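What follows is one structure encoded as structure tokens, with my remarks underneath.
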Amino acid sequence: MDNARVSRSAEAGRAPRIRVSFEFFPPKTAEMEQNLWEAIRRLAPMLPNFVSVTYGAGGSTRERTHATVKRILAETMLTPAAHLTCVAATRAEIDAVIDAYAQAGVRHIVALRGDPPGGVGERFSPHPDGYRNAADLVAGIKRIADIEVSVSAYPEKHPDSATVAADIDMLKAKVDAGATRAITQFFFENSLYFRYLDRVRGAGIDIPIVPGILPVQNFKQARNFAARAGTSVPNWLAARFDGLDDDPATRKLIAAAVAAEQVLDLVDRGVTDFHFYTMNRADLAYAICHLLGLRPGKDQDAACHPERERA
Ligand SMILES: Cc1cc2nc3c(=O)[nH]c(=O)nc-3n(C[C@H](O)[C@H](O)[C@H](O)COP(=O)(O)OP(=O)(O)OC[C@H]3O[C@@H](n4cnc5c(N)ncnc54)[C@H](O)[C@@H]3O)c2cc1C
């Protein structure tokens, strides 16, 4: 077997430079806020490329997203990326959000169309005075400030999209408008990612297409997310979690094994950047980063105590 896993590559001095990013959602309660910050503090020493904070459906978390991003800026050395959608808001309202981020020192936005206010499956109608789609939003951000923009990508096609080709046309429009990174919807079959990547490259799109990895904390919940996102759930994955509904400890071990298998296979096939959907929990993401060869950085104190670094 010379199919080098990253640990073996590391031994041979051939370890690729792995970069990770972590996604969090803004907390609703004081308890959730505490969980989020435990997760951020645990993961910060992995020195992620950036950490992103989602924007609730219909802009419902506008203030909470902003507050979380600002706290990350104030209390850590991490680079926050604020998610932003076009839904249920005028251009002027969205421009004010972008402007406020720029003023606060945010240098990265994840620009999305967002789901229709009625939920996934409803027809999306842009606000009459709003941004029409994600590409339009990317262009708007670029007009307002010098901010890095990441966008979404769908290895299994977005549920609204008639064809993969239409999906890739939209990705191209987002790149043409100024996006410099795409983060994929989560997927479980790596072959789907590579097939998609081939088509994206064939369309002349050369920005990084960073795989989004969902460590499966809870299989039932992940299956629901997948149904809404258009992600297929292979039978082998269901079989691995079969019979474990009341056994969270074993579920967690299986989840780590499944995610490890997925990311190490991606590394073996040349992937170096990973985006983790953390669900505001650090344990699985931390373990997978460790498997990827990442170790707490020597700046680990500074990662969560900027005053020490800046003093
Ligand atoms: C990495 C990532 C982060 C996300 N973060 C958030 C978040 O913070 N908040 C949130 O609410 N959602 C988030 N989402 C979900 C996202 O908002 C939904 O998937 C939404 O439905 C599409 O937005 P988009 O920018 O991904 O779509 P786009 O890239 O604009 O479109 C996706 C596909 O749908 C097609 N399409 C778009 N509009 C139409 C239409 N009217 N008719 C037919 N086809 C159409 C496009 O052609 C394209 O192929 C995220 C998704 C990903 C992958």
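Coordinate-derived values only; no laboratory data. Remember, it's a predicted structure, so these values are computed and weren't measured experimentally. Note: ideal-geometry Cβ built from the backbone for every residue, glycine included; neighbour counts use all protein chains shown.
Helices meeting the span-like rule in the chain (full DSSP H runs, Cα extent of at least 24 Å along the helix axis, mean Kyte-Doolittle score of 0.0 or higher): 248-268.
For D115, the residues 5 or more places off, or on other chains, whose built amide H falls under 5 Å of its own are G58. Under the classification rounded if a/c is under 1.5, otherwise prolate if a/b is larger than b/c and oblate if not, where does the chain fall, given a ≥ b ≥ c as square roots of the Cα gyration tensor eigenvalues? Rounded. Rounded, prolate or oblate, given the Cα gyration tensor of the range 165-311, with a/c below 1.5 counting as rounded? Judged from the Cα gyration tensor, the range 165-311 comes out oblate (a/c at least 1.5, b/c at or above a/b).
Compared with the direct C-alpha span, the chain from D99 to R195 gains 30.8 nm at full extension, assuming 0.36 nm per residue. Here's the picture: a label point sits 7 Å out from the Cα of E122 along the beta-carbon direction, and within the range 145-189 the residues with their amide nitrogen under 16 Å of it are 160.
Given Cα pairs under 8 Å that are at least 6 residues apart, what percent is the relative contact order of the chain? Once divided by the residue count of the chain, the mean separation gives 25 percent. In the chain, the calculated helix contribution to ellipticity at 222 nm averages -14000 deg cm²/dmol per residue, counting -39,500 (n - 2.57) for every DSSP H run with n ≥ 4. Note on T79, T65, T180: ascending count of other Cβ atoms within 10 Å places them as T180, T79, T65, the fewest first.
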